[in-house]
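As structure tokens, the structure follows; a few thoughts come after it.
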Amino acid sequence: MAEKMTYKDAGVNIDAGNASVKLIKDSVRATYRPEVLGDLGGFGGLFALNAGKYKEPVLVSGTDGVGTKLKIAFLLGKHDTVGQDAVAMCVNDILVQGAEPLFFLDYLAVGKLDPEQVADVVKGVANACKESGCALIGGETAEMAGFYPDGEYDIAGFCVGAVEKSKLITADKVKEGDVLLGLPSTGVHSNGFSLVRKIVFERQGMKGSEHIDELGTTIGEALLTPTRLYPKTCLPLIEKFDIHGMVHITGGGFYDNIPRALPDGLAALINDDAWEMPPIFALLQKWGNVDWPEMYRTFNMGIGMILIASPDEAAKISAHLKGEGETVYEVGRVVRGNHDVTIKGGVFHG
């Protein structure tokens with residue numbers, strides 16, 4: 001008679017999965033808003049929308065993952081920051097339409113379940129949710145033996161937010177002469193890492209532990225700096241000021257993302273002398289001999305979020321942000337054109 005087999009023999013450890021849930025419970029509960037119903041362990045997350053807060057609520061949803069930046073987390077054995085990347089890529093996307101993030105769910109697929117590793121990843125998710133004001137109301141951890149190498153995983157997620165219909169931000173309000181205000185990024189964020197890895201680890205032959213003087217840290221630590229969360233900074237602005245448009249600079253950089261916020265017949269003129277580009281981008285450009293237009297189409301180049309407003313309103317927004325200790329740059333203007341983006345230095349003076 002053949003030897004008996006179990007699910008664990010096939011590489012799936014249910015006990016390890018249960019252990020990981022116990023490790024993350026406190027982190028997840030710390031994100032709960034008053035609208036959250038129930039607790040961990042249900043088949044679906046429950047969230048009672050506060051309908052009294054809105055006259056005409058519009059739900060806005062977004063989904064994304066971290067991408068090949070995870071390869072660097074595997075290389076360095078550092079897993080406590082990539083959860084923030086997963087959250088940021090979602091909440092920042094729905095933010096540009098004026099939405100307040102309400103709740104988030106994650107999906108984590110692993111080759112072999114390591115409860116401590118899972119806890120590190122999910123704690124990063126939970127901390128980012130808490131900072132963004134959204135509740136982590138559920139998720140899925142899938143142990144997929146033989147699909148991912150041991151120690152590796154993929155993480156993705158989605159969030160749902162809400163905005164008053166009258167405050168919904170679309171391209172319709174953007175006008176010629178509007179000002180583009182840029183908020184700084186924290187670094188490369190979560191886009192372009194296939195090129196980053198090719199430059200740093202293949203062409204330069206680095207291991208990730210090399211200290212880079214220009215960065216003040218190791219190359220690995222610099223690249224794992226998590227994506228900035230913009231809701232706490234931008235939600236008060238959406239409430240207080242007349243913002244015509246917003247742009248999250250993600251995959252596609254300036255050239256592909258800014259046109260998404262422009263109506264027909266308009267374009268953007270960007271002054272790249274307006275802000276100080278973080279040194280990581282100059283290093284990547286030099287090490288990879290990457291053409292500058294390719295850099296601006298791949299990376300955020302130090303500007304992670306753009307607000308579009310009339311000149312008068314932009315001045316008020318800028319003054320408000322600076323009063324709050326935030327850094328903001330006047331990075332461009334809306335001009336006539338056909339959804340094109342022109343980037344050059346010294347093209348205007350604020």
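The values are calculated or read from the model by the stated rules, or taken from the named source; none is laboratory data. In this text, all values refer to a predicted model and were calculated from it rather than measured experimentally. When we count neighbours, we look across all protein chains shown, and the Cβ atoms used for this are built from the backbone with ideal geometry, even at glycine. The accessibility values were calculated without ligands, DNA or RNA, using every heavy atom of the protein model including side chains. Shrake-Rupley method; radii C 1.70, N 1.55, O 1.52, S 1.80 Å.
Brief remarks on what is shown
- Cβ-based net charge around ALA30, under 14 Å, with every Lys or Arg adding one and every Asp or Glu removing one: +2
- Angle in degrees between helix 14-29 and the longest Cα principal axis of the chain, rounded to the nearest 10: 40 degrees
- Dipole axis of region 269-317 (+1 Lys, Arg; -1 Asp, Glu on Cβ), positive-most option in ASN271, MET305, LEU283: LEU283
- Cα long-axis angle, helix 279-288 against the chain (0 to 90 degrees, to the nearest 10): 80 degrees
- In region 88-150, chymotrypsin sites (Phe, Trp or Tyr not before Pro) in a DSSP loop with at most 13 other beta-carbon atoms within 10 Å: PHE147
- Carbon + sulfur, % of accessible area of the chain - ligands and nucleic acids excluded, 1.4 Å: 49 percent
- Averaged per residue, the chain has 47 square angstrom of accessible surface, using a 1.4 angstrom probe with ligands and nucleic acids left out.
- The charge dipole of region 91-245, taken about its Cα centre with unit charges on the Cβ atoms of Lys, Arg (+1), Asp and Glu (-1) only, comes to about 380 debye.
- Ligands, DNA and RNA excluded, the heavy atoms of LEU95 present near 0 Å² of accessible surface to a 1.4 Å solvent probe.
- Against the chain, whose longest principal axis comes from its Cα atoms, helix 231-240 is set at around 40 degrees.
- Local electrostatic count at ILE303 - Lys and Arg +1, Asp and Glu -1, tallied over other residues with Cβ under 11 Å: -1
- Dipole moment magnitude, nearest 20 debye, region 177-269 about Cα centre, only Lys, Arg, Asp, Glu C-beta charged: 260 debye
- Lys, Arg +1 and Asp, Glu -1 on Cβ, resulting dipole of the chain about Cα centre, debye, nearest 20: 280 debye
- Counting only protein heavy atoms and using a 1.4 Å probe, the accessible area of ASP272 comes to about 50 Å².
- LYS344 contributes an accessible area of around 100 Å² to the protein surface, as traced by a 1.4 Å probe with all chains present.
- With 25 Å as the limit, the listed pairs LYS71/LYS344; LYS69/LYS123; LYS286/LYS322; LYS198/LYS286; LYS53/LYS232 have LYS71/LYS344; LYS286/LYS322 beyond it between alpha carbons.
- The order of HIS211, HIS339, HIS79 by accessible area, most exposed first and with a 1.4 Å probe, is HIS211, HIS339, HIS79.
- Whole-Hz couplings from phi, Karplus 6.51/-1.76/1.60, listed for region 53-66; x for Gly and Pro: 6, 10, 7, 9, x, 10, 7, 10, 10, x, 9, 6, x, 9
- Considering helices alone, the calculated mean residue ellipticity of the chain at 222 nm is -9000 deg cm²/dmol, with DSSP H runs of length four and up weighted by -39500 (n - 2.57) and normalised per residue.
- Within the shell of other residues whose beta carbon sits under 10 angstrom from the beta carbon of LYS71, the net charge comes to +1, with Lys and Arg scored +1 and Asp and Glu -1.
- Charge-dipole axis of the chain as Lys and Arg at +1 and Asp and Glu at -1 on Cβ define it, positive-most pick from ILE169, GLY83, ILE219: ILE169
- The loop-placed GluC sites (Glu not before Pro) in region 196-229, going by DSSP, that have at most 14 neighbouring Cβ atoms within 10 Å of their Cβ come out as GLU210, GLU214.
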